[in-house]
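Asks: I have a structure I would like to understand better, so I am pasting it below and will then ask my questions one at a time.
The values are calculated or read from the model by the stated rules, or taken from the named source; none is laboratory data. These numbers come from a predicted model, not from an experiment. Don't worry about glycine lacking a Cβ; one is built from the backbone with ideal geometry, like all the others, and counts go over all protein chains shown.
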Amino acid sequence: MRYVLPLSVLAAIGIVFALSEFTLSGQTKEGCLDQPRIPNYTFAEMRKIDDCTRELDAVKGRQVTFSSAFDDVRVAVWKGEVDVFAAADRVVELARVNSPVYLKVAAERFPDLSERERVLILMTGVLAVEVKFQRWQALSSQERLEEILCELSVSPEMNPQLDRELSTTLACVPNTPCR
């Protein structure tokens, strides 16, 4: 009986520590130091955070605009409403305003080509991937891609370097009559 009381006190203390959110070292169970819930920011720091948030929201808005417009141009090419060269020009204009990163990445990938040629290759690659993975369920999607590639191959704007890069990019597409 004399051991029951001290053992029950020790058991109670053990249960309290086991259920407690904090350890003796002042850390939470996740290992983070105990910190106040709301940081103590100055007004200037809050303003800077707000300004950064606005800048990021603006960049996101421009990127969403570019993505949506790119999709519209891509669909117009699929429908035959716009030729690929005009579509590439439109995408270059959109990217200059809304997504300079797109042009930067394209320049890193194809450093020896013009902006228009870079976008042309990337856009044609997107179209080819859509055909390969059957994004467009219509039976005519393969034929439309072949028409687009034929347009490119007979165009006076096609140069050997552009043709080589385009062939490399389109390696995922089954053989087409014009390639």
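Asks: Please name all residue pairs, on different chains or six or more residues apart, with Cβ atoms under 7 Å, provided the first residue is in region 97-122 and is without any contact (Cβ under 8 Å) to a residue 60 or more places away in the chain and among the acidic types (Asp, Glu) and the second residue is assigned to a helix (DSSP H, G or I) and crowded, with 16+ Cβ neighbours inside 10 Å.
Replies: Glu115/Val92; Glu115/Leu103; Glu117/Leu162
Asks: Now for a separate question. Mind checking whether some residue in region 110-124 is over 22 Å from Thr168 (Cβ atoms), at pLDDT 80 or above and crowded, with 19+ Cβ neighbours inside 10 Å?
Replies: no
Asks: Shifting gears a bit: If you take the residues of region 13-37 that are part of a helix (DSSP H, G or I) and either surrounded by 10 or more Cβ atoms within 10 Å (Cβ to Cβ) or touching a strand residue (DSSP E or B) at 6+ places or on another chain (Cβ under 7 Å) (or both), which of them is modelled with the lowest pLDDT?
Replies: Phe17
Asks: Can I ask one more? Restricting attention to region 38-93, and to residues there that are touching a Leu at 6+ places or on another chain (Cβ under 6 Å) and over 18 Å from Glu151 (Cα atoms), which single residue is surrounded by the fewest Cβ atoms within 10 Å (Cβ to Cβ)?
Replies: For region 38-93, the residue satisfying everything is Ala69.
Asks: Please list, ordered by first then second residue, the pairs with beta carbon atoms under 6 Å, 6 or more apart or interchain, first in region 161-175 and of a type in the set (Val, Ile, Thr) and surrounded by 11 or more Cβ atoms within 10 Å (Cβ to Cβ), second at pLDDT below 70 and part of a helix (DSSP H, G or I).
Replies: Every condition considered, no pair remains.
Asks: Out of curiosity, is Val97 over 17 Å from the mean Cα position of the chain (by Cα), modelled with pLDDT of 85 or more and either over 17 Å from Glu151 (Cβ atoms) or crowded, with 19+ Cβ neighbours inside 10 Å (or both)?
Replies: yes
Asks: A further question follows. Can you tell me which of (1) touching a Lys or Arg at 6+ places or on another chain (Cβ under 7 Å); (2) part of a loop (DSSP other than H, G, I, E, B) is the one Leu113 doesn't meet?
Replies: Only one criterion is unmet by Leu113, namely (1).
Asks: Specify which of the listed residues (Ala107, Ala128) is part of a helix (DSSP H, G or I) and modelled with pLDDT under 90.
Replies: Residue meeting the stated conditions: Ala128.
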